Structure formats: C-alpha cells, structure tokens
1. Positive end of the dipole of the range 99-186, charges at C-beta (+1 Lys, Arg; -1 Asp, Glu), about the Cα centre: which of 128, 101, 146 has its Cα farthest in that direction?
2. I'd like to know which of 8, 160, 38 lies farthest towards the positive end of the charge dipole of the chain, counting +1 on Cβ of Lys and Arg and -1 on Cβ of Asp and Glu.
3. When the Debye formula is applied to the Cα atoms of the range 2-249, each taken as the same point scatterer, what base-10 log of I(q)/I(0) results at q = 0.10 Å⁻¹?
4. Calculate the tail of P(r) for the range 114-222: the fraction of all Cα-Cα distances greater than 18 Å, expressed in %.
5. What whole number of Å gives the distance from the Cα centroid of the range 93-150 to the Cα centroid of the range 182-223?
6. List the lysines whose Cα sits under 23 Å from the Cα of residue 116, skipping any in the same chain fewer than 8 residues away.
7. Points 7 angstrom from Cα along the Cβ direction at residue 94 and residue 247: gap in nanometres?
8. Can you give the charge dipole size of the range 1-124 about its Cα centre, rounded to the nearest 20 debye, using +1 on the beta carbon of Lys and Arg and -1 on the beta carbon of Asp and Glu?
Amino acid sequence: MITIRGLHKYYGENHLFRGIDLDVEKGQVVVLIGPSGSGKSTFLRCVNGLEYFQDGEVTVNGIKLHSINRKRPARADREAMRQVRLKVGMVFQQFNLFPHMTALENIIEAPMRVLKVEKNTAINTALALLRRVNVEHKAESYPDELSGGEQQRVAIARALAMKPEAMLFDEPTSSLDPEMVGEVLSVIRDLVNDGMTTVIATHVMEFAREVADTVVVFDKGEIVETGPPEEIFNTPKTDRTRAFLSRILKR
C-alpha cells in the first residue's frame, strides 16, 4: 500500500531524514514511536504529500511522489499529491475543524466540493460516520461547543468521509485531557479492527503495544529499530530504543 525508498528531508542546513526506507502492507497497522522532535510528524506529512522532500520516493497504492527541490512543483507532481491526499486520510494533533461550521458541515464540505457528492448523500454518510464515532448527537454543534475528544472524533469522521484507503494519525491524543484519550483511542481501535491500513504516531505505549503489527522507532530523523511490538517492548535491540522506552515508561 505504501512504500518509502531513500527518503531525504532537509530544513535548510538541517538534514532530518537520511535515506529512510519503509513498507506498509494493505491492512497493516504500523505505529511510530520515539522522542518528540525525532521526525515522526514530518514523516507522516511526507507520506501524505503535505511536505516536500529533497530525495527519494514515496509510493501510495501505485501513485509516486517524487523528490521536489522547486518552490512550485510541476503539474504532474501537483496532481500526484492531490491523488495521494484523496487516498490517504490524515488526522492531526490539533483538530483543524472549521470554526464557523457545525460538525455535520465540517464533514460534508470536502466530499461535496472535491468528490462532487450530492448533498443529501453527503449528509447521510456524515450522520452514519458521526454514529460510528459516537457523536451523532453533536451533528449541529460548532467546534467551540465540543470537548477536545468530541472534536477529534469529528475530525476522524471528516477524514473517513473521503473514503480513504489508508489513515495516518499524528499524535491524535496529544492535545486531549487524560480522561478524553480513551474515547479517541477506542475509535481508532475500531478502525484497526475493521482492517483499515493505518500508520499512527503516538506516545501512548500501551496502545502501541496493543494495536501494532509493526512498531517503528524514530530518533533524530532515523529509523533505529523496526519489529513486532512484543520484540520492541520486551527485547529491544538498540541502546537508543532501550533509552527511549526507559524514559517514557517511567512517566
């Protein structure tokens, strides 16, 4: 479903990624862990075509994103990025809901404008998705009338309304109060159980251990270790993984 080969990413003189390779199979759940600032969020944004990269290749279900050094990518590159964004939904740390739209309006906007879905069909789909994430009763509420957990669940429903083939989650619970984390993780757990191809960056190690098929450890822009959760958490191979887990599991 997703193939990354030789990914390099610079921010000025800062060489963040130095040739990252990773494969995500259809239906697989890949969880990214590692210290804050290690590159997990930037990596997800490169996969979804939201960040340019300077060398390497990202392929999503046959669509290739090439390295771009120009400020304005060529038309073919722009079209490839558009196609990838249609196939890969993304949920961010911040909810990014339109504040002047209700929950329902937030969800129907993109399907109507981008996919040209008829309004009644879009509304019916949105209501079904709100039921799926347990906030149907908030359909007519505005974002500032919702809790953080409710906003994040609406954001997940909005991403699902585009019928993605894979979902990326960038620290989806990091902006939530502790009591709201469980309700959002429950929704993601249901998606995973339904077979959605999923890549998740998270600091919730118990959740990572539970849902992951593969855990990928990032540190300073590198993948330092990859393996099944029982291996990563019980018998990590590298000192950097052991140091990270030791710090975070003591919290």
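All of the numbers you see were taken from the coordinates with simple rules; none came from a lab. Computed from a prediction, not measured in an experiment: that's the story for all the values here. Glycine gets a Cβ as well: all are built from the backbone with ideal geometry, and neighbour counts include every protein chain shown.
1. Toward the positive end, the furthest listed residue is 128.
2. Among 8, 160, 38, the one farthest towards the positive end of the dipole of the chain is 8.
3. At q = 0.10 Å⁻¹ the computed log10 ratios are -0.49.
4. Every Cα pair in the range 114-222 considered, those over 18 Å come to 53 percent.
5. 24
6. Cα-Cα hits under 23 Å: 87, 163.
7. 2.5
8. Dipole magnitude for the range 1-124 comes out near 360 debye.
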